[in-house]
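Asks: One structure, pasted below without further comment.
Here, each number is a calculation from the coordinates, and none is a lab measurement. The structure presented is a predicted model; accordingly, all values stated were derived computationally and were not measured. Methodologically, a virtual Cβ is constructed for each residue, glycine included, from the backbone with ideal geometry; neighbour enumeration extends over all protein chains shown.
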Amino acid sequence: MLSLHALFDVLIACHIISGAPGLLAFWGPIATKKGGPRHRFLGRWFAGAMIATGVFAAAMGVMTIAAPMATHPHLASHADFSDPTLVRGIFGWMMLYLAILTINLAWYAWLCSKNKLMHEKNRGWRNMGLQALLFAAACACVFEGVRIGQPMMIGISTIGFATVGTNLFFLLKTRPAPADWLLEHIKAGVGAGISVYTAFFAFGAVRMMPELALAPVLWAAPLTIGLSLILYHQYQVRRRFNRPRTPQAAPAE
């Protein structure tokens with residue numbers, strides 16, 4: 001029977017195996033022709049990889065909450081992370097929150113693309129349940145951040161609240177505009193990339209250099225790049241949908 005630490009290492013391996021292809025696949029839908037076969041194939045691959053990665057990360061977060069030092073024994077001798085309360089907060093509650101955020105965004109992006117103008121299908125119980133779950137995870141991240149005095153946990157939780165708010169704003173619309181599903185697809189797809197790259201840089205750093213885990217640049221860089229991509233591609237979509245159509249010439253009699 002596997003020990004707790006050995007099981008945690010298995011989850012790390014599965015997390016890396018599913019996450020590494022997803023990190024690469026993220027750039028495929030951005031670089032390929034939108035709506036084309038390559039874009040759709042790479043987008044499905046990315047969404048699937050992100051959901052699997054998020055599930056493994058959520059399991060790691062739950063295990064860390066239950067046994068912070070047993071799952072992270074290498075931090076016991078580190079000056080900044082020898083406190084189990086801090087390990088539980090940063091690598092437990094915040095990882096669980098980011099995992100749920102990634103799953104939420106990947107699923108939402110895929111669903112918006114799948115359903116397109118069939119808007120009522122977006123309000124299935126899984127999608128609506130993920131909004132409630134993410135809201136609860138963001139609240140827990142804020143609570144733990146306040147309790148252990150980690151402003152970064154409070155700040156990062158605002159992304160979750162914004163995600164739930166904007167998702168529900170779209171989901172509860174009775175008559176969304178023709179371009180709305182595509183704008184949401186872009187927001188959520190790139191947002192999932194922001195989430196997983198943030199976790200990759202921040203939590204991956206702790207394996208080699210724990211002191212970098214809370215470095216602001218590791219958290220700010222994916223967010224800055226991701227938001228720029230969202231704004232650019234949403235601008236292109238709005239310009240395309242708002243472009244006046246050239247009237248066709250009347251057929252000659």
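Asks: Determine which member of the set 50, 69 is under 30 Å from residue 87 (Cβ atoms) and more than 19 Å from the chain's Cα centre (by Cα).
Replies: Result: 69 is the single residue among 50, 69 that is under 30 Å from residue 87 (Cβ atoms) and more than 19 Å from the chain's Cα centre (by Cα).
Asks: Condition check: surrounded by 18 or more Cβ atoms within 10 Å (Cβ to Cβ), out of contact with any Leu (no Cβ under 9 Å at 6 or more places or on another chain) and of a type in the set (Lys, Arg). Does residue 147 satisfy that?
Replies: Answer is no for this residue.
Asks: On to the next question. Could you run through the stretch 1-32 and say how many residues are in contact with a His (Cβ under 7 Å, 6 or more places away or on another chain) and loosely packed, with under 15 Cβ neighbours inside 10 Å?
Replies: Final tally of qualifying residues: 0.
Asks: Going by the conditions given, is residue 53 touching a His at 6+ places or on another chain (Cβ under 9 Å), without any contact (Cβ under 8 Å) to a residue 24 or more places away in the chain and among the β-branched types (Val, Ile, Thr)?
Replies: When the stated conditions are applied, residue 53 does not pass them.
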